[in-house]
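For reference, the structure discussed in these notes is given below.
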Amino acid sequence: MSVFEAEGHSYQTIIDPQKILLLLRDEHSCDVLLVDMELPSLRTGRFLEEVASKMDVSRLWIISPMGTTYWRNDAERLGIRNVIWKPVQRHDFERVLETVSVRKAAILPAPAVSQISSKRHDTPCYIEDLPGGRYFLAACPAMMKLYETVCLLAAVDVPVLILGESGVGKDVVAALLHKHSLRSSACYSSLNCAALPPDLLESELFGYEAGAFTGAIKAKAGKFELADHGTLLLDEIGEMSAPMQAKLLHVLQDGRYSRLGARTESHVDVRVIAATNVDIETAIAQNAFREDLYYRISAFTIEIPPLRERREEIPFLIEQLVLHHAGSLRRDPVYISPEVMTLMMEYRWPGNLRELSNYVIRIQVLGNTDRVKADLEERIRGTRGIHAAPVPVVGEDSQEIAGMRLIVRTQRDRTESRLIQQALEESGWNRRHAAVDLNISYRSLLYKIQQYGLTQNRHHMTHARSA
């Protein structure tokens, strides 16, 4: 607990519950009490009830392994809301210190953190840090169960298939699996199978020898070689071509691969985690995905629910995103008003966590304004966004199909062009703000402006300058 000492606080470790109760006779004896529910002496008796009778339960924190439930009924009855799930992370102690500082200063916490949700303390929230500034968050029964499944599968060295819509955090769950696995000390690597054409995907996966193709001046190790004895995430595996599926199946079956241009095979020991938002069973029925490869990569399957099915997590996620983006943007954390929070919980978030993260950036930049509320209300009504709905194509004649596709493409382009022009004008042609508003990257927006030949309205420009 060096984090306490670093902030100028002292702490005491007490094993005997009776000594704790004696200490609490003096209401000023401690600012906060952390109780480890794994202590055998706490599994019997009425310890929590006795502690609650001697101190404000807002100063009491329960530390418990995920899945331990014997204390929950008592905690709920006594109004104990502060829970830290094991393994304990540094940010857990920082949460405790935050309440200590608030109590000593006798003021309310900063709105960006404490008032981010009226339900902030109604549900236990588990957060675990991951490399690269990422984290796993669970604050609903479905995600708590998912975490327990991850911890169970992490110790079993078999392939895992992660299913879920785009943006739900499949890469985060894969990184969590690696962190808790027996391979955690070795390399964790990932590759998006949909981001590369088949020939480049093969060289990225298996590597190549010098002279294997034009431009291959020197040899390069592939992802399998780099992840030897570790974990390799193959994201969007449902988009992999049939020839690459066959080559991947060979590696998974035999544990052997060849660099491009190599005459010999090499052995590799890698745990493969696959992820996709494609309905694999449908893809198999349509001969778009090999059935034998599916069975090879799916010894166990984890399905991540979309954000709309775990809305109770949204306030916790927004809190973390506000703090993260405030740091990266070098701004103070923005205050999310109750009205905006309610709207954010009503919206369906078709882009899931990725869309939510981008929208928090938008609020961080624009502030908690009426414009944000109006935009959310429009999104909820389904009048905003540039995602074209799928249009069924009818007819067997190839020319008719081509004509229908042209009509659909033209209508989509017109709609997209109009929405982009509208967002640009609303932002005063601040293209970075417009990109956030449209939930697309800045580079994509620049491309689309050029593609559609969009220009700034002179009347709008003059009005903006005079304002």
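The values are calculated or read from the model by the stated rules, or taken from the named source; none is laboratory data. In this text the structure is predicted, and so the values were computed from the model without any measurement. Cβ coordinates were reconstructed from backbone atoms using ideal geometry, including for glycine residues, and neighbour counts include every protein chain displayed.
In contact (Cβ under 8 Å) with a residue 60 or more places away in the chain, part of a helix (DSSP H, G or I) and either in contact with a Ser or Thr (Cβ under 9 Å, 6 or more places away or on another chain) or in the same structural domain as Asp171 (by TED's automatic domain parsing) (or both): which single residue out of Glu313, Glu281 fits that description?
After applying the criteria, what remains is Glu313.
For the stretch 313-340, give me each residue that is out of contact with any Leu (no Cβ under 8 Å at 6 or more places or on another chain), over 19 Å from Asp437 (Cβ atoms) and surrounded by 18 or more Cβ atoms within 10 Å (Cβ to Cβ).
Matches in the stretch 313-340: Pro315, Glu319, His324.
Would you list the strands (runs of 3 or more DSSP E) that sit entirely within the stretch 115-191 and hold 2 or more residues that are at pLDDT 90 or above?
134-138, 160-163
How many residues are touching a residue at least 40 places away in the same chain (Cβ under 8 Å) and part of a loop (DSSP other than H, G, I, E, B) when one looks only at the stretch 192-201?
Number of matching residues: 3.
Which pairs do you get when a residue that is more than 14 Å from Val57 (Cα to Cα), found in the stretch 70-82, comes within reach of a residue that is surrounded by 15 or more Cβ atoms within 10 Å (Cβ to Cβ), reach meaning Cβ atoms under 6 angstrom, with the pair 6+ apart or on two chains?
Close Cβ pairs (under 6 Å, with a partner that is surrounded by 15 or more Cβ atoms within 10 Å (Cβ to Cβ)) amount to Trp71/Met37.
Among the residues of the stretch 36-44, is any more than 30 Å from Thr149 (Cβ to Cβ), modelled with pLDDT under 80 and not aliphatic (A, V, I, L, M)?
Yes.
Restricting attention to the stretch 442-467, and to residues there that are assigned to a helix (DSSP H, G or I), aliphatic (A, V, I, L, M) and at pLDDT 75 or above, which single residue is farthest from the chain's Cα centre (by Cα)?
Ile449
Being within 30 Å of the chain's Cα centre (by Cα), among the polar types (S, T, N, Q) and surrounded by 12 or more Cβ atoms within 10 Å (Cβ to Cβ) is the filter; apply it to the stretch 45-93 and report the residue that is modelled with the lowest pLDDT.
Thr68
Residues in the stretch 351-379 that are touching a Leu at 6+ places or on another chain (Cβ under 9 Å) and free of Cβ contacts under 8 Å to residues at least 40 places away in the same chain: how many?
Residues flagged as touching a Leu at 6+ places or on another chain (Cβ under 9 Å) and free of Cβ contacts under 8 Å to residues at least 40 places away in the same chain within the stretch 351-379 amount to 6.
From Pro390, Pro350, grab the single residue that is modelled with pLDDT of 90 or more and either outside any helix (DSSP H, G or I) or among the hydroxyl-bearing types (Ser, Thr, Tyr) (or both).
Just one listed residue meets the conditions, Pro350.
Conditions tested, residue by residue: (1) outside the structural domain of Ile162 (by TED's automatic domain parsing); (2) free of Cβ contacts under 8 Å to residues at least 12 places away in the same chain; (3) outside any helix (DSSP H, G or I).
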{"position": "Lys218", "(1), (2), (3)": "no, yes, yes"}
{"position": "Phe224", "(1), (2), (3)": "no, no, no"}
{"position": "His229", "(1), (2), (3)": "no, no, yes"}
{"position": "Pro243", "(1), (2), (3)": "no, no, no"}
{"position": "Ala246", "(1), (2), (3)": "no, no, no"}
{"position": "His250", "(1), (2), (3)": "no, yes, no"}
{"position": "Arg263", "(1), (2), (3)": "no, yes, yes"}
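So which residues in the stretch 363-376 are closer than 18 Å to Gln320 by Cα and surrounded by fewer than 20 Cβ atoms within 10 Å (Cβ to Cβ), if there are any at all?
Val365, Gly367, Asn368
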